[in-house]
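The structure appears below as structure tokens.
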Amino acid sequence: MFRLYDTRTRQVEEIRPASRGLLRLYACGPTVYRYAHLGNMRTYLLADLIRRVAQRHGVTVVSCQNITDVGHLAEDGQIDPGGEDKILAQARAEGRTALEIARGYEDAFAADCLALNIHPADYRPRASESIGLMIDMIAKLIETGHAYATDGGNVYFDARSFPGYGELSGNSLDQLRPGHRSGGATDPRKRFHADWALWKGAPEGRELTWTAPWGTGFPGWHTECSAMSLHFLGEVIDIHTGGIDLRFPHHEDERAQSDSVTGHEVVRHWVHGEHLLFEGRKMAKSTGNVVLVADLAASGLDPLAARLAFLEHHYRQQLNLTWETLTAADATLRRWRDQVAAWAATPSRPMCAEVTGQIADGLDDDLDTRAAVAALRRLEKDPEIPPGSKFETFVHADQVLGLDLAADIGRAAAPPALPGGAAQKLAERRHARNASDWTTADRLRDELAAIGVLVSDTPDGQAWTAGRRCHG
Ligand code: AMP
Ligand code: ZN
């Protein structure tokens, strides 16, 4: 089988599913109040790669990814009552209903996954449609002494009732000082500062509230993932994924809840992906450096260029993405597709066993996608290997890499790649137009024209053509 780094045991572990031949995989999903950015997509890719590698070993994968459409408060990780729900805040900002916001961005998320060849999870439960599961779980936690209700309809998890708290993140309860939960106002009815809200009481008339035995309110973000993962995948989950920032408090709290309600360790392996940086800083809406999947297409880049750029780095390394990296990955992708189309026209020959072996070994060894991509780069240039063999090897590797390398077979030549710097200028111009900054948009159009990219504005957004001039 294959191996992955387990955040809890802090070592690379052999993955042996609890049920032979069946791997249960849970991926923390999006909060659907905005478009997912490429950082989010890097983390969602992690679950897709695990699924593809497991399937290569003949294992059936059953996967679940939640859609958070209620309960995620505006300040990341903050779960003390008082913060504002991200969906409600966005609904107000856009002048739409919470439901319109949530469903609109959920559809956009599905389209983004499709564009990056990230296979949808088998189960994609929405938090707002799983409230009954959460109420049942909270009731059990109260019954078994792991949670308590207070006046005002809040229910808190009793952190001290779970002895293994902190094993994932390395935070012990003693080290956690009051106010660590993002410094939000602390409810004096909490018995201990590190207790967190499983359910939050809310005034009648607030949007997105439900009736529970403790009063009207809504669930905490951590409550959702425990209840949904236990319901859809059962009490033993082989792998749970997420970005590294979810280790604490989200996954720490989730583990405490799930293990307390079942009485045993639920998740066998926690796997976290490192952050994507953009031009040196963590990609985040708050930093203002997000790049969306739509920005790639609008900049003339194939969205799968981002997938290739991710694959060229190990998932446990921070990756500092730039427009240059994306443009270079786009050029590689186009060249590989051209090559595969040309090789497809030659007599078929067996795959190159040495290269498929290197790729398989790399992927099995904690998802070393770098090794797989490097092996393909060597194979491409190897004059000793017949083209028919290169064809079979590339197409085989693509089952896991998911780069649509056979896309150009039988097609006319792909459009020429953009000259250096053009993709960034196209993206900047798209942002400028969206912000009605016509001066900047006009300046960028002139700059693009100077490097041979002619931009026109259409009712569907900007369109461009790259003349021969810029390709030398
Ligand atoms: P959010 O919508 O903020 O809850 O994030 C969704 C997923 O994306 C979570 O698994 C986060 O850990 C992950 N994530 C957020 N920002 C980044 C980033 N810059 N790089 C990689 N993953 C990220
Ligand atoms: Zn989660």
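Within region 29-38, how many residues are crowded, with 24+ Cβ neighbours inside 10 Å and within 16 Å of ligand 2 (Cβ to nearest atom)? Steps first, please.
Residues of region 29-38 crowded, with 24+ Cβ neighbours inside 10 Å: 29-33, 38.
This time we only want the ones that are within 16 Å of ligand 2 (Cβ to nearest atom), so: 29-33.
The total comes to 5.
Residue 383: surrounded by fewer than 18 Cβ atoms within 10 Å (Cβ to Cβ), free of Cβ contacts under 8 Å to residues at least 12 places away in the same chain and within 28 Å of residue 411 (Cα to Cα), yes or no?
yes
For residues that are assigned to a loop (DSSP other than H, G, I, E, B) and either within 17 Å of residue 65 (Cα to Cα) or without any contact (Cβ under 8 Å) to a residue 60 or more places away in the chain (or both), scanning just region 10-23, find the one that is least open to solvent (accessible area, probe 1.4 Å).
Ranking the qualifying residues of region 10-23, first place goes to 21.
Can you name the number of the only condition in (1) touching a strand residue (DSSP E or B) at 6+ places or on another chain (Cβ under 7 Å); (2) away from ligand 1 (no atom under 15 Å from the Cβ) that residue 226 fails?
Tallying (1) touching a strand residue (DSSP E or B) at 6+ places or on another chain (Cβ under 7 Å); (2) away from ligand 1 (no atom under 15 Å from the Cβ), residue 226 fails exactly one: (1).
Kindly indicate whether residue 165 is modelled with pLDDT of 95 or more, aromatic (Phe, Trp, Tyr) and under 26 Å from residue 86 (Cα atoms).
It is false that residue 165 is modelled with pLDDT of 95 or more, aromatic (Phe, Trp, Tyr) and under 26 Å from residue 86 (Cα atoms).
Would you tally the residues in region 142-171 being in a helix (DSSP H, G or I) and open to solvent by 20 Å² or more (accessible area, probe 1.4 Å)?
We begin by selecting, within region 142-171, every residue in a helix (DSSP H, G or I); these are 142-143, 151-153, 159-161.
Checking the rest, the ones that are also open to solvent by 20 Å² or more (accessible area, probe 1.4 Å) come to 142-143, 151-152, 160-161.
Final tally of qualifying residues: 6.
Can you name every residue in region 247-284 that is hydroxyl-bearing (Ser, Thr, Tyr) and more than 12 Å from ligand 2 (Cβ to nearest atom)? Spell out how you get there, then give the answer.
From region 247-284, those hydroxyl-bearing (Ser, Thr, Tyr) are 258, 260, 262; that's our starting set.
Once the filter is applied, which keeps residues that are hydroxyl-bearing (Ser, Thr, Tyr) and more than 12 Å from ligand 2 (Cβ to nearest atom), region 247-284 yields 260, 262.
Conditions: (1) free of Cβ contacts under 8 Å to residues at least 40 places away in the same chain; (2) within 30 Å of residue 11 (Cβ to Cβ); (3) crowded, with 19+ Cβ neighbours inside 10 Å. Residue 363 meets all but one. Number of the miss?
For residue 363, the exception is condition (1).
Restricting attention to region 113-141, and to residues there that are over 19 Å from residue 63 (Cβ atoms) and buried (at least 19 other Cβ atoms within 10 Å of the Cβ), which single residue is farthest from the chain's Cα centre (by Cα)?
141
Out of 298, 284, which single residue is open to solvent by 10 Å² or more (accessible area, probe 1.4 Å), under 17 Å from the mean Cα position of the chain (by Cα) and aliphatic (A, V, I, L, M)?
Testing whether each residue is open to solvent by 10 Å² or more (accessible area, probe 1.4 Å), under 17 Å from the mean Cα position of the chain (by Cα) and aliphatic (A, V, I, L, M) leaves just 284.
Restricting the search to region 412-435, which residues are open to solvent by 70 Å² or more (accessible area, probe 1.4 Å) and farther than 23 Å from residue 279 by Cα?
412, 413, 415, listed by residue number.
Name the residue, out of 264, 250, 269, that is more than 21 Å from residue 198 (Cα to Cα) and more than 8 Å from ligand 1 (Cβ to nearest atom).
Numbers: 264 fails: more than 21 Å from residue 198 (Cα to Cα); 250 fails: more than 21 Å from residue 198 (Cα to Cα).
Exactly one residue qualifies, and that residue is 269.
Filtering region 320-357 down to residues that are among the basic types (Lys, Arg) and farther than 22 Å from residue 371 by Cβ, which residue is nearest to the chain's Cα centre (by Cα)?
The residue in question is 334.
With respect to residue 70, determine if the residue is modelled with pLDDT of 95 or more, touching a strand residue (DSSP E or B) at 6+ places or on another chain (Cβ under 7 Å) and either open to solvent by 30 Å² or more (accessible area, probe 1.4 Å) or over 30 Å from residue 326 (Cβ atoms) (or both).
For residue 70, the condition - modelled with pLDDT of 95 or more, touching a strand residue (DSSP E or B) at 6+ places or on another chain (Cβ under 7 Å) and either open to solvent by 30 Å² or more (accessible area, probe 1.4 Å) or over 30 Å from residue 326 (Cβ atoms) (or both) - is not met.
Here's a check for you: in region 207-222, which residue that is open to solvent by 20 Å² or more (accessible area, probe 1.4 Å) and in a loop (DSSP other than H, G, I, E, B) is nearest to ligand 1 (Cβ to nearest atom)?
208
Hey, among the residues in region 285-301 that are part of a loop (DSSP other than H, G, I, E, B) and touching a His at 6+ places or on another chain (Cβ under 8 Å), which one's nearest to ligand 2 (Cβ to nearest atom)?
Only one residue tops the list, namely 285.
At pLDDT below 95, at negative phi and not in a helix (DSSP H, G or I): is that true of residue 26 in this structure?
Answer is no for this residue.
Show the residue pairs that are 6+ apart or on different chains and have beta-carbon atoms under 6 Å apart, the first residue being within region 280-294 and within 20 Å of residue 109 (Cβ to Cβ), the second being part of a loop (DSSP other than H, G, I, E, B) and open to solvent by 60 Å² or more (accessible area, probe 1.4 Å).
That search, which allows pairs on different chains as well, returns 292/35.
Between a residue in region 327-344 that is at positive phi and surrounded by 17 or more Cβ atoms within 10 Å (Cβ to Cβ) and any residue that is among the aromatic types (Phe, Trp, Tyr) and outside any helix (DSSP H, G or I), which pairs come within a Cβ distance under 7 Å, given they are 6 or more apart or on different chains?
Taking only residues 6 or more apart or on different chains, not a single pair turns up.
Any idea which residue in region 235-247 is nearest to residue 143 (Cα to Cα), counting only those that are within 14 Å of ligand 1 (Cβ to nearest atom), open to solvent by 30 Å² or more (accessible area, probe 1.4 Å) and out of contact with any Asp or Glu (no Cβ under 6 Å at 6 or more places or on another chain)?
Ranking the candidates gives 247 first.
Do the conditions hold for residue 231, that is, is it within 10 Å of ligand 2 (Cβ to nearest atom) and surrounded by fewer than 24 Cβ atoms within 10 Å (Cβ to Cβ)?
Against the criterion (within 10 Å of ligand 2 (Cβ to nearest atom) and surrounded by fewer than 24 Cβ atoms within 10 Å (Cβ to Cβ)), residue 231 does not qualify.
The values are calculated or read from the model by the stated rules, or taken from the named source; none is laboratory data. Everything quoted here is computed from the prediction, not taken from an experiment. When we count neighbours, we look across all protein chains shown, and the Cβ atoms used for this are built from the backbone with ideal geometry, even at glycine. The area values use the complete protein model at the heavy-atom level, side chains included, leaving out ligands, DNA and RNA. Shrake-Rupley method; radii C 1.70, N 1.55, O 1.52, S 1.80 Å.
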